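So the structure is just underneath, and the comments pick up after that.
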Amino acid sequence: MFVLGIESTCDETGCSIVKNGKEILSNVVSTQIDLHREYGGVVPELACRRHIDVIIPVLDEAIKTAGIALNEIDLIAVANTPGLIGALLIGLNTAKTLSLALDKPLIGVNHVEAHLYAAIMSCDQPIQFPCIGVVLSGGHSAILLIRSVGDYLVIGQTQDDAIGEAFDKTAKIMGLPYPGGPEIEQLAKTGNSKAYFFSAGRVKGQPYAFSFSGLKTAVLYAVRGQNLQGSIENVRLQDIAASFQKAAFDDIIGKVIKAAEEHGCRTVIFGGGVTSNCTLRDSFSEANRELEYIWPGSGLVLDNAAMIAGLGYHQFISKGGDTLSLEANPQSLF
Ligand code: KG4
Ligand code: ZN
């Protein structure tokens, strides 16, 4: 079964052809990073206009690379939630038009859930369920119990900034370009992670919830050369980056390992752009060598349409397709 995936939730336009939920025949992504960089973050109106400009060329390239004809597509899967409403509508209307014109079924896919499916798709072994799912992206930070594909229990979520957002905002405070995650990771490599005593926030009564906004404010003071005790001399951005990153990752790692123990899970599945961070991956392995960590493979970490096509296939097999009245929903359904 050939599934066309369409992704346009934020600042990447993607189309992909995936065979039987697993075999990626093409995975084309047109990124808008350069467009938004001068503003230090995503400008929704600009994002929408760019999606309109590139979605058909991206679709054409995905079809051509896969070596199939348009009418050989068996299913059209589209990310219809969560995301920027205008951006979602461009992918959704493209999908509906194709569905109508080609007379092929349509299915809406949750982008956040698809990030987790990206790791499942990348893994050659069968996954041992139940397992822990960890989403670390620009828009979400969440720990979930995954009982099977499609059956999730949210254990903890961010109460303020998502982890990727915290990286991006912190980078902006430090004068680094957008997106800030890779910039901070790079800078942190030459920094001393013990130079500053930063820590992520705690949420009363919710041991698995995340809060990163206070951490970002602590960085703001450090960049200004101040802390609660007085002024700090010789501010080194490398040290701030390393200390920020360690504080954020220590918090995540501690909560994920605790959640795995509490729920008797041996496997942890990761998804979202922040999971491309090598320090994060190494730190998990160092913190607990007993757990099995499944990371998204290359081309599947950042926003892409292969994960949408892959998850769409599974959903279609288990519950059938959606109708043309499928709507875009900017809020996550999780
Ligand atoms: O999953 P994603 O592509 O988009 C969303 O669904 O949000 O994630 C993008 C986020 C951005 O905030 C970006 O700064 C972050 O992932 N990111 C990183 C790294 N690479 C991308 N964060 C930390 N370290 C990285 N190496
Ligand atoms: Zn994403």
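With respect to Ser332, is the statement that it is surrounded by fewer than 17 Cβ atoms within 10 Å (Cβ to Cβ) and part of a loop (DSSP other than H, G, I, E, B) true? So Ser332 does not fit the description; no. Among residues of segment 169-185 being within 16 Å of ligand 2 (Cβ to nearest atom) and touching an Asp or Glu at 6+ places or on another chain (Cβ under 9 Å), the one that is farthest from Tyr208 (Cα to Cα) is Tyr178.
Here Thr267 qualifies as modelled with pLDDT of 95 or more, surrounded by fewer than 21 Cβ atoms within 10 Å (Cβ to Cβ) and more than 16 Å from ligand 2 (Cβ to nearest atom). Scanning segment 310-321 finds one or more residues that are modelled with pLDDT of 95 or more and in a loop (DSSP other than H, G, I, E, B).
Restricting Ile146, Ile173 to those that are closer than 28 Å to Gly83 by Cβ and buried (at least 20 other Cβ atoms within 10 Å of the Cβ) reduces the list to Ile146.
Assess whether Thr81 counts as being of a type in the set (Ser, Thr, Tyr), more than 16 Å from ligand 2 (Cβ to nearest atom) and in contact (Cβ under 8 Å) with a residue 12 or more places away in the chain. No.
The values are calculated or read from the model by the stated rules, or taken from the named source; none is laboratory data. Keep in mind the model is a prediction, meaning the values are calculated, not measured. Note: ideal-geometry Cβ built from the backbone for every residue, glycine included; neighbour counts use all protein chains shown.
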